[in-house]
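What follows is a short report on a single structure.
The values are calculated or read from the model by the stated rules, or taken from the named source; none is laboratory data. Just so you know, these numbers come straight off a predicted model, no measurement behind them. All Cβ positions, even for glycine, are placed from backbone atoms using ideal geometry, and neighbour counts span all protein chains on display. Side chains are part of the model used for accessible areas, which takes the heavy atoms of the whole protein and leaves out ligands, DNA and RNA. Shrake-Rupley method; radii C 1.70, N 1.55, O 1.52, S 1.80 Å.
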Amino acid sequence: MIAMKNLRLLFAGWLALALPAAQAFDWMPDGVSAQVGAGGRGTNMAGAGIVWDWDFQRLRRKAELTAHTEFMVNHWRGDASSGGGTDSLTQLVLLPSLRIRLSRGASPWFIELGIGASWMDERFETPRKRFGSRWNFYDMMGVGHTFGAEHEHELSLRWIHVSNAGLKEPNPGQDFLQLRYVARF
């Protein structure tokens, strides 16, 4: 009961952040991404996505805070649940993220955090773990660097955690260490 209440509060907070951005949303993407990741025990992923920057910027004494939303299509590959060969699945992700840049935005380095939703075309299952749901949360923490004359390129290293937050058992979760490249228009 407490977990469900916390989940509802988390969802309400996420919605409160997302709704103002949705009003001024421009459907033209601001960039494209490509990512590869390695998970534990033979699970890997690769994908591509599009990025929309929000009309949101806050300057603080020492940092700049911005936000963006990503839509990604990821392909997972892992050991087959039958014990021989590999299985794969496709994951769709919608990820709103906050980005912090030091030196009031002048630094090429950034830190980013995001919690989004993901759907898989089948439940993830290996000989060692099985997800209880095809719907999961997609949590991300990362550090990155922008480069190019107009900071049109970025490279980041992300920690990704995918699980359903205990809404449906089993819920072992899956972590990835992900390398991501973004080209901005």
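Some points to look at:
- Within region 123-155, considering residues that are more than 18 Å from L94 (Cα to Cα) and hydroxyl-bearing (S, T, Y), the one farthest from the chain's Cα centre (by Cα): T126
- Test: residue in region 81-90 that is closer than 26 Å to L65 by Cα and of a type in the set (G, A, S): no
- When residues of region 67-101 are limited to those that are in a strand (DSSP E or B), of a type in the set (S, T, N, Q) and modelled with pLDDT under 95, the one least open to solvent (accessible area, probe 1.4 Å): S88
- Checking each residue in region 124-149 for being among the charged types (D, E, K, R) and either surrounded by 14 or more Cβ atoms within 10 Å (Cβ to Cβ) or in contact with a Leu (Cβ under 6 Å, 6 or more places away or on another chain) (or both) picks out E125, K129, R130, R134, D139.
- All positions within region 159-177 that are part of a strand (DSSP E or B) and surrounded by fewer than 14 Cβ atoms within 10 Å (Cβ to Cβ): L177
- For G31: the one exception among (1) within 16 Å of L157 (Cα to Cα); (2) surrounded by 14 or more Cβ atoms within 10 Å (Cβ to Cβ); (3) among the small types (G, A, S); (4) modelled with pLDDT of 95 or more: (1)
- Criterion applied to R104, R184 was being open to solvent by 10 Å² or more (accessible area, probe 1.4 Å), among the charged types (D, E, K, R) and over 17 Å from I50 (Cα atoms), and the one residue passing it is R104.
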